[in-house]
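Following: one structure in structure tokens, then a few remarks.
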């Protein structure tokens, strides 16, 4: 069985560039951008546990706990003229979730706040990450128009993209809606690398080593059944509920791989675990937070702070570092 190798911050030749990141979360974007040659001058997040994760892994990073809506770059003038402004914003409500009662007004406000931040910081490039519907849905056409009007006024050219992390080494069918913007005509030369096809990139192959670490003898049989990409991991709401791997459709897909997606385990299965894939939830194996992090493309050396639910929220809401590295490398090439 093969395991995807996600190295931690490899050397990048040439001059390193700088970034300012808001809504930094568990550091998936920051780690991938670091691997692509960007060093953060400042990372901002409003959750103390996320800030703890960032500081624990990179003690030399300047991490500020605060609200993007209240952040004034005049108090951090060293970020002026930064190479890249990055925003891993909380997810807007997808069109498929219109029946939910949660209002996404605050998330809309954070998109606009990021655009306004560009006025003060004047970065050479901008990267905003969110749901694919930000790029494709008519519901968000007014927001896209607002973003385009404001950034064009500042002299930026823009590209809207939908990219799938599975195309860049992540064992998960995970699509992201992306905005990249560059001063002057940079967007015209921005190129997304061609997708890589990897037939071995399956849940079973990637998680076999960890799934067998507790002595579970049926890990080989389980891995053979888990012979496909993972559904999109969903971090869920910080305000309610415990950790699970996603909505009903995702849970059904997980069950076909012999996984109970309704919860997250404290530890991998032991030698006494009996796997009964067609015997209901009690017979299904459960994933741990560390295994979710593997599926998200984090290296094993990256530590996630907090208790189980908070750890899973951070992992599920992150951008996979390999996808961030790909985007960062493409942006770096354009800026060069």
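Bear in mind these aren't lab numbers, they're just calculated from the coordinates by the rules spelled out. The structure presented is a predicted model; accordingly, all values stated were derived computationally and were not measured. Cβ coordinates were reconstructed from backbone atoms using ideal geometry, including for glycine residues, and neighbour counts include every protein chain displayed.
Axis of helix 105-121 versus longest Cα principal axis of the chain: the two differ by about 40°, to the nearest ten degrees. When each of 176, 153 is scored by the number of other beta-carbon atoms lying within 10 Å, the sequence from fewest to most is 153, 176. Residues considered: 129, 62, 260. Largest GNM mean-square fluctuation over the chain, using C-alpha springs under 10 Å, is found at 62.
Just rank 53, 136, 232, fewest to most, by other beta-carbon atoms within 10 angstrom.
With the fewest neighbours first, 53, 136, 232 line up as 136, 232, 53.
Whole number please: convex hull volume per residue, Cα atoms of the chain, in Å³. Before the final figure, lay out the partial values.
Details: hull volume 43.7 nm³, N = 336.
Looking at the chain, the number lands at 130 Å³ per residue.
At 20 °C and 1.002 mPa s, grab the translational diffusion coefficient of the range 216-288 from Stokes-Einstein with a Kirkwood Rh over Cα pairs, rounded to a whole number in µm² per second. D, rounded to a whole number, is 168 µm²/s. Between 0 and 90 degrees, the angle of helix 141-153 with respect to the longest Cα principal axis of the chain falls at about 40 degrees.
Each stretch of four or more DSSP H residues adds -39500 (n - 2.57); spread over every residue of the chain, this sum gives -9500 deg cm²/dmol at 222 nm. Comparing 58, 174, 196 in a Gaussian network model of the chain (Cα springs below 10 Å), the most mobile by mean-square fluctuation is 196. The distance linking the range 180-200 with the range 52-67 is 29 Å (Cα centroid to Cα centroid, whole angstrom). If I fit a long axis through the Cα atoms of helix 308-317 and take the longest principal axis of the Cα atoms of the chain, what angle between them do I get, 0 to 90°, rounded to 10? With both axes taken from Cα atoms, the answer is about 50 degrees.
Under the rule a/c < 1.5 gives rounded, and otherwise a/b versus b/c splits prolate from oblate, where does the range 197-323 land using the Cα gyration tensor? It comes out rounded by the Cα gyration axes. Peptide packing: for 293-299, 14-20, the average count of neighbouring Cβ atoms within 10 Å per residue gives the ranking 293-299, 14-20, highest mean first.
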